[in-house]
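The values are calculated or read from the model by the stated rules, or taken from the named source; none is laboratory data. Treat the numbers as computed from the prediction; the structure is a model and nothing was measured. With ideal geometry, Cβ positions are generated from the backbone for all residues, glycine too; neighbour counts draw on all protein chains shown. Side chains are part of the model used for accessible areas, which takes the heavy atoms of the whole protein and leaves out ligands, DNA and RNA. Shrake-Rupley method; radii C 1.70, N 1.55, O 1.52, S 1.80 Å.
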Amino acid sequence: MMTARPIRQFHQVVLLLFSLICRPEICRSKLQSSSLSSNPNHPDETSNLNMPPTFTLSNNITIPMVGLGSASGVSYPHVATAIESGYRFVDTAQSHSWGYREEEVGRAVFDKKGRWEDHFPTPNDHPSEGYVFVQTKIHPKDLGYHATRRAIEISLQRLQSSSLDSVLIHKPHCWGDICPQPPEGTWHDSWDALQEAYDDGIVRSI
């Protein structure tokens, strides 16, 4: 039976998977339309229209519920444009074979000064306007405690960051020919590695 902590984290994963995803060129036009149609005598109304809804995780981290998905070849200019358009949540992963370019996401966030260490700590420990929450995912070929710890180090390098905002297990097992060889362990072992990284402050949410 799952304990309370894994159940809470499972609910977080479900909510994140159902986050609203749209392309920068679409959302940019929506933001501009909202600004034009708002009341100029009440600037706060414009601000509220431009801000996506947020969700607070069980560890009190608040993230946007609208984000940029970066599979299918989304690269540096797409991510940079999204950040310029107001996106503050980018989903990526380690798998190049599935169209993710984690290192290009990291370079764009780095160049736009959107990393956690670019904005924290702040006096009230709340995100500043330019902070971009980046979520990445471990490929099933890296299931297993030690393999997952190595994968975390790879993401730290690719995302050019001293810590990771969020790390998920992309798939709980291999199937077909997606893994070149059987993984060294199971998703349970990977979960132990993620929990340890969370406790050490290397990963901020799992």
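Solvent-accessible area per residue for region 48-206 at a 1.4 Å probe radius, Å²?
Each residue of region 48-206 exposes 47 Å² on average to a 1.4 Å probe.
Classify region 80-206 as rounded, prolate or oblate from the Cα gyration tensor: take a ≥ b ≥ c as the square roots of its eigenvalues, call it rounded if a/c is under 1.5, otherwise prolate when a/b beats b/c and oblate if not. Verdict is oblate for region 80-206. Between region 55-72 and region 159-197, the alpha-carbon centres lie 19 Å apart. Rounded to the nearest 20 debye, the dipole magnitude of region 117-202 is 400 debye, with +1 charges on Lys and Arg beta carbons, -1 on Asp and Glu beta carbons, and the Cα centre as origin.
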